[in-house]
Amino acid sequence: MSSVGSAAAPVRELAAAQRIVDAAGEDTVAAAVREAVGMLPAPQRELVMLVHWDGFSLAEAAAVMGVPASTVRTRYATARVTLARLLQREPTQVAGRLGG
């Protein structure tokens, strides 16, 4: 993988996320993200919560979860792909079931 390709991916993700926020508003996006995280399998959900809500590094999360760092990296990558797919829908479609 080239460093150019890997550097461009976060920029694209950020741009896509900003378009969603602009279109839907922060409250709707927050509700959509909460629901999407809730749809993840338990190990991925726990990891996302440790990293994003509790501020743990991936290494710290691996220690807390009692699994190898390589497992955490794989779960994190898979969770990000799954969340991206779930959030590709309009946020109101994801959050609609929450009344958002």
| task | Can you tell me which of 34-44, 49-59 comes out highest on packing, and rank the rest after it, using the mean Cβ neighbours within 10 Å? | result | 34-44, 49-59
| said: Under the 0.36 nm per residue contour assumption, what length would be gained going from the current alpha-carbon distance of residue 60 and residue 39 to full extension? | reply: 5.2 nm
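None of the figures in this text is laboratory data; all of them are computed from the coordinates on show. Values in this document were obtained by computation on a predicted structure and should not be read as measured data. Positions of Cβ are backbone-derived with ideal geometry, glycine not excepted, and every protein chain shown enters the neighbour counts.
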